[in-house]
Each structure stands twice: as structure tokens, then as C-alpha cells.
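The values are calculated or read from the model by the stated rules, or taken from the named source; none is laboratory data. Bear in mind that the values here come from a model prediction, so they are computed numbers and not experimental data. Reconstructed Cβ throughout: ideal geometry from the backbone, glycine too, with neighbour counts over all protein chains shown.
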Amino acid sequence: MQVIQDLIPEAIYKSYSQRMIYLKTEDEIELMRKANRLVASALLEVAKLVKPGVTTNQLDAVAEQFIRDNGGAPTFKGVPNPYGSPFPASICTSVNDVIVHGVPNDDPLKEGDIVSVDCGALLEGFNGDSCYTFRVGEVSSEVDELLRVTKESLYKGIQAAMPGKRIGDIGYAVQSHVEPCGYGVVREFVGHGIGREMHEEPMVPNYGKPGTGKQLKNGLCIAIEPMITMGTREFFMLPDRWGVKTRDGKASAHFEHTIAIHNGKPEILSSFTEIETIESQNR
């Protein structure tokens with residue numbers, strides 16, 4: 001749920017950007033694993049329900065109940081908004097051409113839709129954060145390809161997150177994978193550091209130049225989250241002052257993992273494994 005300077009007041013941006021990068025200890029990384037396992041399990045509960053006729057409010061209710069039943073708290077609920085009301089739900093549900101921060105509602109999902117479900121949870125003082133774009137029934141081949149390439153770009157970004165590398169290497173890995181396919185890389189919404197706070201330093205854009213930006217070190221925990229559009233990367237904000245849609249009305253995909261740079265390599269703390277098992281059974 002991170003947005004960069006263009007969309008937030010200058011004072012808030014400066015406060016955010018001047019924070020120190022907080023490297024995690026072994027014990028803290030273990031707590032991060034627990035929080036991210038909870039998020040992965042909540043997304044799995046959502047995966048079991050995604051089908052035509054289900055509403056995103058129903059998905060939200062199931063995710064919130066699961067998080068609370070397992071000792072966590074939904075991090076997104078009540079997040080303040082400089083443009084309007086606090087976020088009213090526990091998950092973001094961005095359908096089709098909504099890029100990010102979609103507010104759950106009572107509109108039934110339809111065959112051929114896609115819905116990006118972004119979930120955050122606080123457990124034992126640490127945060128988990130992950131997003132998965134779900135197919136609702138059968139989707140078009142063009143949309144299916146967008147999802148495939150976007151997910152691949154996430155793993156390209158993770159592979160680039162090695163100690164000694166820099167933030168720009170992650171963004172370049174994502175950008176260089178998707179742009180040759182004709183897709184757009186959203187600039188204004190980015191990944192982020194994560195730990196005791198949902199959004200910590202550093203910001204992690206999905207574009208960049210190799211060898212630029214802050215250096216990656218062991219103990220750094222970050223959320224990498226490509227938001228990739230089928231057409232233009234330009235967007236407009238919805239009247240609820242949360243969701244943003246592609247300006248050309250074409251689909252957008254969003255996949256996110258939280259990782260720790262640990263023992264000399266990136267370790268994925270969240271998981272898609274069980275979600276992908278359900279997805280393969282339904283196709």
C-alpha cells in the first residue's frame with residue numbers, strides 16, 4: 001500500500017524518506033516469517049472462494065476473520081488517507097483495470113475478471129504483506145499472458161535482491177522483463193521496506209538503473225510488488241479516493257512477496273505455493 005511523492009503531501013513524504021533503514025536480527029526475521037505465513041494463509045482462504053458471483057466484500061470478510069482468528073490484526077484497515085476517509089477494509093481488491101488499493105464492495109465478480117488481492121497483517125509486533133492476482137473462471141489469453149509475465153517479473157526482482165546490489169537493480173530486473181512485452185510499469189506506486197511498520201525505508205520502485213539507489217544488506221526486509229499494466233501506465237483516481245484505474249481501461253496485474261536478505265541471498269517470507277495448487281486444479 002505504498003505510494004510515492006507525486007500522490008502524498010510533501011511533509012509526509014519527507015518524514016517517510018528521512019527514516020533510517022532498519023536491518024532485522026535473526027529473531028526479528030523469524031517473527032517476519034510468522035507474520036507472512038499468516039498473510040499467505042489468509043490469501044489461501046481467499047483463493048478457495050474466488051469464483052463468479054462472489055463479491056469482494058465477501059472475500060474481505062473471510063480474510064479479516066481468518067487473520068483475527070489466528071492472533072493477527074489486519075494492517076490495512078483504518079489506514080489514513082490524506083485525500084479522504086481511512087481505508088475501510090482489511091484487504092485491497094483491485095478488479096480488472098483497477099491497478100491498486102481497490103475498496104471491496106458488493107458487486108459480484110464475473111467470469112473472465114481478474115482481482116488483485118493485497119493483504120497485510122500484524123502479528124507479534126511485525127508485519128506481513130503479499131498480493132496475488134486471481135483469475136475468476138476462464139480469462140482471455142491476453143490477460144493470462146499479462147499475469148504470467150507480471151508474476152515472472154516479481155521473481156526476477158527477487159533474484160536481483162542480493163547483498164551488495166542496489167535498489168535500482170531490483171527495479172531494472174522488473175522493468176526489463178515486462179517492457180519488451182509492451183506492458184506499462186506503474187511509477188507512482190512502489191514496494192517498500194517492512195518490519196514493525198508496514199511501510200519502512202527503503203522505497204522499492206519497479207523501474208530503475210542497475211547500480212543505483214541504496215545498497216542491499218543482510219537483514220533488510222522489503223516488499224517487492226510489480227504493478228504492471230497491459231497498456232498505458234497512466235491512471236486516474238476513483239471517487240472513493242483510494243482505488244486507481246488505468247486511463248485506457250486495460251487490465252492491470254499485481255503480485256507481491258515480502259523477502260528478507262538473509263545469509264547472503266533473498267529469502268521469500270510469503271508464499272504462493274498452496275494458492276497455485278488450487279489455481280492449477282481449477283484450470
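Tabulated results
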{"quantity": "Hits in the range 136-190 (condition: touching a Gly at 6+ places or on another chain (Cβ under 8 Å), outside any helix (DSSP H, G or I) and over 20 Å from Met230 (Cβ atoms))", "calculated": "Met162, Pro163, Arg166"}
{"quantity": "Considering residues of the range 37-77 that are free of Cβ contacts under 8 Å to residues at least 24 places away in the same chain and touching a Leu at 6+ places or on another chain (Cβ under 8 Å) only, the residue surrounded by the fewest Cβ atoms within 10 Å (Cβ to Cβ)", "calculated": "Leu49"}
{"quantity": "Within the range 246-283, considering residues that are over 17 Å from the mean Cα position of the chain (by Cα) and among the small types (Gly, Ala, Ser), the one surrounded by the most Cβ atoms within 10 Å (Cβ to Cβ)", "calculated": "Gly249"}
{"quantity": "Selection from the range 85-132 of residues that are within 17 Å of Ile194 (Cβ to Cβ) and charged (D, E, K, R)", "calculated": "Asp118, Glu124, Asp129"}
{"quantity": "Test result for Gly102, within 27 Å of Thr277 (Cα to Cα), of a type outside the set (A, V, I, L, M) and assigned to a loop (DSSP other than H, G, I, E, B)", "calculated": "yes"}
{"quantity": "Search result, residues across the range 27-55 that are in a helix (DSSP H, G or I) and touching a Lys or Arg at 6+ places or on another chain (Cβ under 7 Å)", "calculated": "Met32"}
{"quantity": "Cβ pairs under 7 Å, 6+ apart, first in the range 85-103 and closer than 11 Å to Val244 by Cα, second at pLDDT below 95", "calculated": "His101/Met1"}
{"quantity": "Among the candidates Gly219, Gly243, Gly208, residue that is free of Cβ contacts under 8 Å to residues at least 60 places away in the same chain, surrounded by 15 or more Cβ atoms within 10 Å (Cβ to Cβ) and either in contact with a Ser or Thr (Cβ under 7 Å, 6 or more places away or on another chain) or not hydroxyl-bearing (Ser, Thr, Tyr) (or both)", "calculated": "Gly208"}
{"quantity": "For Gly193: the one exception among (1) surrounded by fewer than 21 Cβ atoms within 10 Å (Cβ to Cβ); (2) in contact (Cβ under 8 Å) with a residue 60 or more places away in the chain", "calculated": "(1)"}
{"quantity": "Filter result for the condition that a residue is modelled with pLDDT of 95 or more, in contact with a Phe, Trp or Tyr (Cβ under 8 Å, 6 or more places away or on another chain), of a type in the set (Phe, Trp, Tyr) and farther than 22 Å from Asp118 by Cα, over Tyr172, Tyr207", "calculated": "Tyr172"}
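Condition check ((1) more than 22 Å from Ser271 (Cα to Cα); (2) crowded, with 22+ Cβ neighbours inside 10 Å) across all residues:
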site: Val143; (1), (2): yes, no
site: Glu152; (1), (2): no, no
site: Gln159; (1), (2): no, no
site: Met162; (1), (2): no, no
site: Tyr172; (1), (2): yes, yes
